[in-house]
Amino acid sequence: MTEQPSAPDGPLIPMPALTPAALRAVAQIAPAQLPSFVEHLDRAVEQAAAQSTIAPLRTFLQWWGEFVAIQRYPARAARLRELEAEAERATDREAVHAALAEMRQITDLAHREISA
């Protein structure tokens, strides 16, 4: 997982498997998010045990898988941050809808990548 991108807009790392251990790749691409990752994993494990279901773990894997799928492409992650800022600053409904539509495209692409 230490491959460097061959193109400036290529991925920083290959897409890891959807397991907690593999998704610790968060430490490589977004080190500031590692504490949130660990906290979310701990909560998911506690909820799964308390509820006798793996649903919280699946939610955890889905959320962090999509996060990694987005963040491993710096341009994609930067565009998502720009769109979030645009949506916050928008003063009309049309601008908000345009920003949200593009944000949805980015998250849909990430979802497809982790589902492949």
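The values are calculated or read from the model by the stated rules, or taken from the named source; none is laboratory data. Just so it is clear, the model here is predicted, and its values are computed rather than measured. Cβ: placed from backbone, ideal geometry, glycine included. Neighbour counts: every protein chain shown. Quick note on the areas: whole protein, heavy atoms, side chains included, nothing else; ligands and nucleic acids left out. Shrake-Rupley method; radii C 1.70, N 1.55, O 1.52, S 1.80 Å.
A simple spin-label model places pseudo-atoms 7 Å from Cα toward Cβ; at Glu94 and Arg112 they are separated by 2.8 nm. Neighbours of Pro35 by Cβ distance under 15 Å: Lys/Arg scored +1, Asp/Glu scored -1, total 0.
For segment 25-72, a/c is not less than 1.5, where a ≥ b ≥ c are the root eigenvalues of the C-alpha gyration tensor, and a/b does not top b/c. That puts it in the oblate class. Given a 1.4 angstrom probe, I'd like the percentage of the accessible area of the chain that is carbon and sulfur, rounded to a whole number. Answer for the chain: carbon and sulfur cover 55 percent of the accessible area. In sequence order, segment 89-99 has phi-based couplings of 7, 4, 10, 10, 4, 4, 5, 4, 4, 5, 5 Hz under the Karplus curve 6.51 cos²θ - 1.76 cosθ + 1.60, θ = phi - 60°, and Gly or Pro positions carry x. Both radii are taken from the alpha-carbon atoms of segment 61-112; with Rh as the Kirkwood radius, Rg/Rh is 1.02. Applying Stokes-Einstein at 4 °C and 1.567 mPa s to the Kirkwood radius of the chain, computed over alpha-carbon pairs, gives a translational diffusion coefficient of 84 µm² s⁻¹. Each Lys or Arg adds one and each Asp or Glu takes one away; over the other residues whose Cβ falls under 13 Å from the Cβ of Leu57, this sums to 0.
Rounded to the nearest 20 debye, the dipole size of the chain about its Cα centre is 240 debye, using +1 on the Cβ of Lys and Arg and -1 on the Cβ of Asp and Glu.
Placing +1 on the Cβ of each Lys and Arg and -1 on the Cβ of each Asp and Glu in segment 3-116, which of Val68, Ile106, Gln47 has its Cα farthest towards the positive end of the resulting dipole? Final value for the positive-end residue is Gln47.
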